[in-house]
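Following: one structure in structure tokens, then a few remarks.
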Protein chains: 2
Amino acid sequence: METIREPAELRLILDRVRATGIVGFVPTMGALHAGHETLCRKSVAENDVSAASIFVNPLQFGLGEDYQRYPRDLAADQRLLQESGVDFLFAPDAAAVYPPGFQTRVIVGELSRPLEGAARPGHFEGVATIVLKLFEMVGPCRAYFGEKDFQQLQVIRRMVLDLNVPVEVRGVPTVREADGLAMSSRNRYLTTEERTAAPAIYQALLAARSLAERGVLDPDALLQEAHRRLEASPLIKPEYVALVDPDTLRPVVQPGRSAIMAIAARVGAARLIDNIMIRPPDSRPSAD
Amino acid sequence: METIREPAELRLILDRVRATGIVGFVPTMGALHAGHETLCRKSVAENDVSAASIFVNPLQFGLGEDYQRYPRDLAADQRLLQESGVDFLFAPDAAAVYPPGFQTRVIVGELSRPLEGAARPGHFEGVATIVLKLFEMVGPCRAYFGEKDFQQLQVIRRMVLDLNVPVEVRGVPTVREADGLAMSSRNRYLTTEERTAAPAIYQALLAARSLAERGVLDPDALLQEAHRRLEASPLIKPEYVALVDPDTLRPVVQPGRSAIMAIAARVGAARLIDNIMIRPPDSRPSAD
């Protein structure tokens, strides 16, 4: 695996690569875990050449968020990428990504506003902008994103569609610890006690899904069930629990619609998110 | 010359073309004139394959502006492009460019705010968004824009730099009628009387430049000279006369700096813009 720091150097190398093969791409902020590994292995399996990027993007962190203390461990990340079969790691400096006078933003409208967008103003503006920049720099055919960040995935899909970006976006199911906790770089912030409590988030999602599978179709009943489960863990401080349409991310108010249940919660110094698809019994995937 | 209406068809054709040659691109809103012809001939001379687009972009017109009545004459435009040697004309429908649910915008900050940005809120958001979309759809190596729309050129240059878009933007000097009026599709709105009066805009720019060449360095004196010339024509209703830094578009207040003088004025039903580079005597192009 080759590590490249300069955007201009990346372009020279990848122009050559693109002439001969399909390029898969996994953009990350580093602090890699088994979830990232799954994305990388999928890219390696499905493309001729795979590139990953590591860039902790200041633009997507709000004031008072964890940009400074976000975990960084390039050597460990390089080992994981190497073992996953990735061919190129792009790890630029912030100064090369945001040159003096930088002033352009990519803004996805409606999909950016609820959930994480409401909790983290400007977050998806930062995400959409850096992802478009990375797509332009790397020029991949396909890019891989985890479903753990479901809203991010939908925002990026919409951006790619709206701006005619010739990249195929592939979502990959969330990878979980043995006890169900969604893999996240921010799990490193958890104390032992908090780590033991944190799976309650996924258990709350499972409880709501289980209720739906048993025929409870009322959105409020499903939300209450999730809240009830979260409240049983005093270390979990829920920020939101929402049931939303997977395509529009608008709240689901009609009973019996397929929906995403999304949770954000503070657990000690970590802010964790997770989500699950909830389908009523006997529902088939449909266009609605 | 081949005319293509479907974005998907365009991609198939241009993917083939790009494999063998350098693609030049001239995005337009149609109603083509000798200014566009110059852009096209330059693209044809400098690239292996040249594409032009015709798309009257609703996103860059404000409420009450001339989107509906903007001149459209595809047959005449096709003749001009054919004669200029353009290989492909991309002329999509608005519905194909802005699919249902479209909600993404590209926003260039500081450069979009003064001058045309102040006079036409949302205009450069619409321009930056459609230009990026067209770049993604066409995938050109180089793109050509007229210097008549100087601020547009600078906004697009900044967007391309900030988003790492692999397109080289080339500005082309304004083409003028024999009496100095800058070529513009909107000149078609002028009555005979207004058409006779309209060159006063360029004359005002020339008068200011001439004053600077004779050693008058005070920005206010140059602006007053331009205003004085415009006021001599009762049919010209100036919207703004500004002296700005070519790179930042901030007002030039220090005497003796190279600057762009920009004018916007209403002439009957037309809103016309023009600009000129003003350099103090013996100034050499510099980085300031």
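Read-outs throughout are calculated quantities, based only on the coordinates presented, and are distinct from any laboratory measurement. Since we're looking at a predicted model, the values are computed, not measured. Here the Cβ is made from the backbone with ideal geometry for all residues, glycine too, and neighbour counts use every protein chain on show.
Overview of results
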item: Percent breakdown of C-alpha pair distances by 10 Å bin, ordered from the shortest bin, for the protein assembly as shown; result: 3, 15, 23, 22, 17, 11, 6, 2, 0
item: Two-site FRET efficiency, A:GLN254 against A:TYR67, from Cβ-Cβ distance with R₀ of 35 Å, rounded to 0.05; result: 0.35
item: Rounded to the nearest 20 debye, dipole of the range B:1-91 from Cβ charges on Lys, Arg, Asp, Glu; result: 60 debye
item: Residue-averaged [θ]222 nm for chain B, counting only DSSP H segments that reach four residues, each worth -39500 (n - 2.57); result: -11500 deg cm²/dmol
item: Shape metrics for chain A, restricted to C-alpha atoms - Rg then Dmax, Å; result: 19.3, 57
item: Only Lys, Arg (+1) and Asp, Glu (-1) charged, at Cβ; the protein assembly as shown dipole about Cα centre in debye; result: 300 debye
item: Cα-based helix-to-principal-axis angle, B:7-20 vs chain B, degrees rounded to 10; result: 90 degrees
item: A:LYS237/A:LEU74 FRET efficiency (R0 41 Å; Cβ-Cβ; nearest 0.05); result: 0.80
item: Sorted largest first, extent of the range A:137-177 alpha carbons per principal axis (Å); result: 35, 18, 14
item: Given A:LYS133/B:LYS148; A:LYS148/A:LYS237; A:LYS42/B:LYS133, the pairs whose alpha carbons are separated by over 21 Å; result: A:LYS133/B:LYS148; A:LYS42/B:LYS133
item: Helix axis angle, B:150-162 relative to chain B longest principal axis, alpha carbon, degrees; result: 50 degrees
item: Debye equation applied to the C-alpha atoms of the range A:153-236, log10 I(q)/I(0) at 0.16, 0.21 Å⁻¹; result: -0.81, -0.97
item: Using a 7 Å Cα-to-Cβ projection, A:GLU193 label spacings across copies, nm, ascending; result: 8.6
item: Position A:ARG266, label points 7 Å along Cα→Cβ, spacing to each other copy in nm (shortest first, one decimal); result: 5.4
item: DSSP-defined antiparallel bridges as percent of all bridges, chain A, nearest 5; result: 50 percent
item: Cα-based helix-to-principal-axis angle, B:200-213 vs chain B, degrees rounded to 10; result: 60 degrees
item: Principal semi-axes in Å for the range A:2-172 [√(5λ), Cα gyration tensor, largest first]; result: 23, 18, 17
item: Cα-Cα pairs of the range B:191-278 separated by more than 21 Å (percent); result: 26 percent
item: Cleavage-rule hits (GluC sites (Glu not before Pro)) in the range B:8-103: DSSP loop, at most 15 neighbouring Cβ within 10 angstrom; result: B:GLU65
item: Dipole magnitude of chain A about its Cα centre (Cβ charges: Lys, Arg +1; Asp, Glu -1), debye to nearest 20; result: 160 debye
item: Per DSSP, loop trypsin sites (Lys or Arg not before Pro) in the range A:1-93 with at most 11 further Cβ within 10 Å; result: A:ARG69
item: 17 Å cut-off, amide nitrogen to a point 7 angstrom out along B:ASP220 Cα→Cβ, residues in the range B:244-285; result: B:244, B:251-257
item: Phi to ³J(HN,Hα) by Karplus 6.51 cos²θ - 1.76 cosθ + 1.60 over the range B:235-247, Hz, x for Gly, Pro; result: 7, 8, 10, x, 8, 8, 10, 9, 10, 10, 5, x, 8
item: Descending Cα extents along the principal axes, the range A:77-177, whole Å; result: 39, 38, 26
item: Other-copy label distances relative to B:PRO121, 7 angstrom Cα-Cβ extension, nm; result: 1.9
item: Restricting the range A:196-262 to trypsin sites (Lys or Arg not before Pro) in coil, as DSSP defines it, with at most 13 other Cβ within 10 Å; result: A:ARG214
